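I have placed the structure first, in the form of structure tokens, so that the comments after it can refer back to it.
The values are calculated or read from the model by the stated rules, or taken from the named source; none is laboratory data. The shown structure was predicted, so the numbers you read here are calculated from the model rather than taken from an experiment. Glycine gets a Cβ as well: all are built from the backbone with ideal geometry, and neighbour counts include every protein chain shown. Side chains are part of the model used for accessible areas, which takes the heavy atoms of the whole protein and leaves out ligands, DNA and RNA. Shrake-Rupley method; radii C 1.70, N 1.55, O 1.52, S 1.80 Å.
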Amino acid sequence: WYVRKGWLDLDGDLVDECSWHGIECNSEGFIMSIDLSGNGLMGNIPYEIRHLHSCVYLGLSGNYLVGIDSSVFEMESLKVIDLEDNGVRELPSEFHPGSRVEELYLSYNKLRNIPKQLFHFQRLKILWLFGNELSSTLPSEIG
């Protein structure tokens, strides 16, 4: 990745994650926000991200990500996912039914289909899909 500020101390040892570039923590030291937009990240969002129980915002736009694990939608506090301008080709076919995601930004990826289950997120208020390669129609029940 491009910006690694704060990840290591002068001796090359890892430091507290609350001082890492793109990471914001609350007063108790729990990660609340991850914003690594435009940071050259590649591959898939790792399954282990689901352990960040206090994270409200996940901003990974403008990278080279190609996949998103369904575990992202299991993050109990996550409200905003920004994956715009990556190379995401597909979304998970199964989603956590109790997802708290309110805003999902997926514009300018390579999505061809959107799983219908996504439209059943009870809290989803904003869904951006423009600039993709959608080949299916969106369900009429979304309005």
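Place +1 on the Cβ of every Lys and Arg and -1 on the Cβ of every Asp and Glu in the chain, take the dipole about the Cα centre, and give the residue among SER77, SER27, GLY67 whose Cα lies farthest towards its positive end.
So the residue furthest toward the plus end is GLY67.
Relative contact order for the chain: what is it in percent, counting Cα pairs under 8 Å that are at least 6 residues apart? Walk me through the intermediate numbers first.
Values: 324 pairs, mean separation 21.4, N = 143.
Value for the chain: 15 percent.
At most 14 other Cβ atoms within 10 Å plus a DSSP loop assignment makes a site exposed; report the longest stretch of the chain without any exposed GluC sites (Glu not before Pro).
Within the chain, the longest run free of exposed GluC sites (Glu not before Pro) spans 29-75.
Between rounded, prolate and oblate, where does region 50-143 land on the alpha carbon gyration tensor, with a ≥ b ≥ c its root eigenvalues, rounded for a/c under 1.5, else prolate if a/b exceeds b/c?
oblate
Of the lysine pairs in the chain, how many meet both conditions: Cα atoms under 24 Å apart, and a spacing of 8 or more in sequence or different chains? Walk me through the numbers before you get to the answer.
Values: LYS79/LYS110; LYS79/LYS116; LYS79/LYS125; LYS110/LYS125; LYS116/LYS125.
Counting lysine pairs in the chain gives 5.
Determine the share of the chain's accessible area contributed by carbon and sulfur atoms, expressed in whole percent, with a 1.4 angstrom probe.
50 percent
Just to confirm, what accessible area per residue do you get for region 83-143 at 1.4 Å probe, in whole Å²?
Numbers: 3820 Å² over 61 residues.
On a per-residue basis, 63 Å².
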